[in-house]
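The values are calculated or read from the model by the stated rules, or taken from the named source; none is laboratory data. Predicted model only: the values in this text are computed from it and were never measured. As a convention, Cβ positions derive from the backbone with ideal geometry for all residues, glycine included, and neighbour counts pool all protein chains shown.
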C-alpha cells in the first residue's frame, strides 16, 4: 500500500514467519530518501533499509530488550538515483509489519 502526497510517500508490508519487505518503486532520474522506518515483529530479527539489493542501514531488533514494536525517525537514508528503496524485516515467528516513509527528490 502506498501513500503519495507531493513528494512524500509511505509503504507498508505485513508478513508471517518469513518477514516482510515494504518497497517504494524506482523513479527514473529521481532519488528516494527514507526518513523513518517503523512496525512490529514477534521475534529477534534484523531490520534493514535497502538501496536496490544493497543494505544501506541496519539495526538488530531484540524483542526481549526493546519490545515488539519499533520506530526510527529522523533518518536521512538516500537510495541511488533511479533505484528502488525498501524496508525489510528479515524474519519473524508468525506476525510482523514494516512501514517506511520518506520523500523523493
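Here is a yes/no grid of residues against (1) touching a helix residue (DSSP H, G or I) at 6+ places or on another chain (Cβ under 9 Å); (2) modelled with pLDDT of 95 or more; (3) crowded, with 20+ Cβ neighbours inside 10 Å; (4) farther than 14 Å from residue 9 by Cβ:
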position: 36; (1), (2), (3), (4): no, yes, no, no
position: 51; (1), (2), (3), (4): no, yes, no, yes
position: 59; (1), (2), (3), (4): no, yes, no, yes
position: 64; (1), (2), (3), (4): no, no, no, yes
position: 70; (1), (2), (3), (4): no, yes, no, yes
position: 74; (1), (2), (3), (4): no, yes, no, yes
position: 81; (1), (2), (3), (4): no, no, no, yes
position: 92; (1), (2), (3), (4): no, no, yes, yes
position: 100; (1), (2), (3), (4): no, yes, yes, no
Output for segment 3-53, where each listed residue is more than 21 Å from residue 96 (Cα to Cα), within 13 Å of the chain's Cα centre (by Cα) and not in a loop (DSSP other than H, G, I, E, B): 32, 33, 51
First in segment 65-82 and at negative phi, second anywhere and surrounded by fewer than 13 Cβ atoms within 10 Å (Cβ to Cβ), Cβ under 7 Å, 6 or more apart: 81/29
